[in-house]
Amino acid sequence: MGLATLDLWESLSRPGCPICRVRRNSERRYAVNLLWENVNDPGVRARLLASNGFCGPHAGLLLHLADRELGSRLGLAIIYEHLARDLSRRVGELLKPGGRGRVFGPARIPSVRQLRGLLPAEECPVCAVGREAADRNLWFLVERLPAADWRQAWQASDGLCRPHLLGALGMAARANPEVFDFLWQDALGRLEALRHNLAEFIRKQSWTHRDEPVSAAEAGAVEAAIRFFTGDGGPE
């Protein structure tokens, strides 16, 4: 088995959506390399300027990683000082002395186009790394599911979350009808099991069924449904 699919293979035996897991692993590796090796890389800095830094969850991830090692906040301080300096310059240029005034309205009010120029031109770079890893591993999954050992590992796994299930079905529909049929039937079975657990949990909340024991799957059905419909994006 190649290194490219090892992460996916190992993720099949772990709890939750395996594509969400390989996405998180890729994001974490990128974040670690960024903090301890690439803070001053010109290409990384240019990308961070274009994205206005990181999204909230990934800024939190970087802060969590930085706090694991004494003095590691320095990298984040360097990044955000650069971001603050750049944004300060661009905000200052909204009303740059000697610039052309507006034809209508107050001369010192910037245009909508100028204000839009302050918005990020690119997505959070950690989000981009995670999205690319998820897409790549969905293709790996579709390519390898014809093999018996991969199907066996898949059937023992927790399956895909809704966003990645829809992505896998779309890829399989184009690439391999047999894999599409396998994923489709598997998804129907898992969805029916989830629906059953939710329905039983609801039924057993009734006073008339209060003496019936609630199984572990039924008790955790709401959390399982939320993880399925939204994706398992939480930190580990």
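Which residues, taken from the stretch 122-139, are closer than 17 Å to G56 by Cα and open to solvent by 70 Å² or more (accessible area, probe 1.4 Å)?
If the condition is that a residue be closer than 17 Å to G56 by Cα and open to solvent by 70 Å² or more (accessible area, probe 1.4 Å), then E122, E123, R131 are the ones that fit.
Condition first: of a type outside the set (F, W, Y) and either open to solvent by less than 60 Å² (accessible area, probe 1.4 Å) or touching a Pro at 6+ places or on another chain (Cβ under 7 Å) (or both). Now tell me which residues in the stretch 220-236 satisfy that.
Those that are of a type outside the set (F, W, Y) and either open to solvent by less than 60 Å² (accessible area, probe 1.4 Å) or touching a Pro at 6+ places or on another chain (Cβ under 7 Å) (or both): G220, A221, A224, A225, G231, D232, G233, G234.
Do we find that L87 is among the hydrophobic types (A, V, I, L, M, F, W, C), closer than 28 Å to G117 by Cβ and loosely packed, with under 15 Cβ neighbours inside 10 Å in this structure?
Criteria met by L87.
Given (1) β-branched (V, I, T); (2) open to solvent by 50 Å² or more (accessible area, probe 1.4 Å); (3) modelled with pLDDT of 80 or more, where does I109 come up short, assuming only one miss?
(3) is the only condition that I109 fails.
I'd like the full set of residues that are of a type in the set (A, V, I, L, M) and within 20 Å of D232 (Cα to Cα), limited to the stretch 147-187.
A153, A156, L160, L165, L166, A168, L169, L183, A187
What about E212, is it of a type in the set (D, E), modelled with pLDDT under 95, closer than 30 Å to L62 by Cα and open to solvent by 40 Å² or more (accessible area, probe 1.4 Å)?
no
Please enumerate the residues belonging to the stretch 175-207 that are surrounded by 17 or more Cβ atoms within 10 Å (Cβ to Cβ) and more than 15 Å from A217 (Cα to Cα).
Across the stretch 175-207, the qualifying residues are V179, F180, F182, L183, D186, A187.
The values are calculated or read from the model by the stated rules, or taken from the named source; none is laboratory data. From a predicted model like this one, the values you see are computed outputs, not experimental measurements. Neighbour counts run over all protein chains shown; Cβ positions are idealised from the backbone, glycine included. Ligands, DNA and RNA are excluded from the accessible area calculation, which covers all protein heavy atoms including side chains. Shrake-Rupley method; radii C 1.70, N 1.55, O 1.52, S 1.80 Å.
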